[in-house]
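The values are calculated or read from the model by the stated rules, or taken from the named source; none is laboratory data. In this text, all values refer to a predicted model and were calculated from it rather than measured experimentally. Cβ: placed from backbone, ideal geometry, glycine included. Neighbour counts: every protein chain shown.
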Amino acid sequence: MKIGIFGGSFDPIHIAHLLLAQKAAEQFGLDRVHFVPAYSPPHRVEKNLCAGEARLEMVRRAVAGNPLFVADDRELRRAGTSYTVDTLKSYGSANELFFLLGADSLFSFEFWYEPVEILKRATILVGSRPPHRYEAVKAQAQRLMERFGGRVEVFEFPWVNISSTSIRETIGSGGSARYQLTEEVRHFIEERGLYR
């Protein structure tokens, strides 16, 4: 089975996350995409995360109804710093693994914990969108493969100017994040009073 793994804070999960996963699944023939909320992301500067249970519930609500998508709580259950290499190891070797990244993360990938081991265990799929030029992302992918080995595939992803940070800021200032979130996630945020 070809399994895509999409890790992140998902604080909150939004439409651009879902579009990236759907595009990757279609282009690379993935059987499933696992959305894996991080317990404690090592690359995130701002550490004021919503509780793991709330982020997992938002992921569950966002992916419900799409048979390709799975809400996966393995990093939350494991606790501690969420290193990608540990998550990949937890899937074993029975499946072909693909790790989904945004272009911004590709440019810092060489500083991640055990990048060689990550590339041994999974093909990296990178969704390229502005502000990064497709050619620059392809060149970075090539540099990483030359340095660390493995396989990094870049695919074009439509520009959607949505981020979890801007959603939190919008909600915090009393604005609406409608159309940036699924309705189920938006309702959950409103019910719980998150990001206010």
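Miscellaneous remarks
- Residues (free of Cβ contacts under 8 Å to residues at least 12 places away in the same chain and closer than 24 Å to E110 by Cβ) located in the range 146-162: E146
- Failed condition for R129, given (1) without any contact (Cβ under 8 Å) to a residue 40 or more places away in the chain; (2) touching a Lys or Arg at 6+ places or on another chain (Cβ under 8 Å); (3) surrounded by 12 or more Cβ atoms within 10 Å (Cβ to Cβ); (4) under 22 Å from N66 (Cβ atoms): (2)
- So I167, is it within 11 Å of P12 (Cβ to Cβ), of a type in the set (A, V, I, L, M, F, W, C), at pLDDT 95 or above and over 21 Å from the mean Cα position of the chain (by Cα): no
- Listed by position, the helices (runs of 4 or more DSSP H) inside the range 104-190 whose residues that are under 27 Å from Y83 (Cα atoms) and in contact with a strand residue (DSSP E or B) (Cβ under 6 Å, 6 or more places away or on another chain) number at least 3 are 134-148.
- Looking across the range 45-60, just one residue is touching a helix residue (DSSP H, G or I) at 6+ places or on another chain (Cβ under 9 Å), exposed (fewer than 15 other Cβ atoms within 10 Å of the Cβ) and not in a helix (DSSP H, G or I), and that is E46.
- Of all residues in the range 119-129, exactly one satisfies the criterion of being over 15 Å from the mean Cα position of the chain (by Cα) and either hydrophobic (A, V, I, L, M, F, W, C) or at positive phi (or both), namely L119.
- Qualifying positions in the range 75-111 - within 16 Å of G150 (Cα to Cα) and in contact with a Pro (Cβ under 8 Å, 6 or more places away or on another chain): F109
For every residue, the table says whether it meets (1) at pLDDT 95 or above; (2) crowded, with 24+ Cβ neighbours inside 10 Å.
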{"site": "G4", "(1), (2)": "yes, yes"}
{"site": "P12", "(1), (2)": "yes, yes"}
{"site": "L18", "(1), (2)": "yes, no"}
{"site": "A25", "(1), (2)": "yes, no"}
{"site": "F28", "(1), (2)": "yes, no"}
{"site": "D31", "(1), (2)": "yes, no"}
{"site": "F35", "(1), (2)": "yes, yes"}
{"site": "S40", "(1), (2)": "no, no"}
{"site": "H43", "(1), (2)": "no, no"}
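- Contacts under 8 angstrom Cβ, first residue in the range 163-176 being within 21 Å of S105 (Cβ to Cβ), partner aromatic (F, W, Y), 6 or more apart: S164/F10; I167/Y195; R168/Y195
- Leading residue by the ranking (surrounded by the most Cβ atoms within 10 Å (Cβ to Cβ)) among those in the range 67-88 that are among the aliphatic types (A, V, I, L, M) and in a loop (DSSP other than H, G, I, E, B): L68
- Selection count where residues are among the acidic types (D, E) and within 13 Å of the chain's Cα centre (by Cα), scope the range 22-74: 1
- Verdict on G92 being touching a Ser or Thr at 6+ places or on another chain (Cβ under 8 Å) and either in a loop (DSSP other than H, G, I, E, B) or on the phi > 0 side of the Ramachandran plot (or both): no
- Of the residues I15, I5, the single one that is of a type in the set (A, V, I, L, M), within 24 Å of E156 (Cβ to Cβ) and under 10 Å from the mean Cα position of the chain (by Cα) is I5.
- Any chance R186 is within 23 Å of V63 (Cβ to Cβ) and free of Cβ contacts under 8 Å to residues at least 60 places away in the same chain: yes
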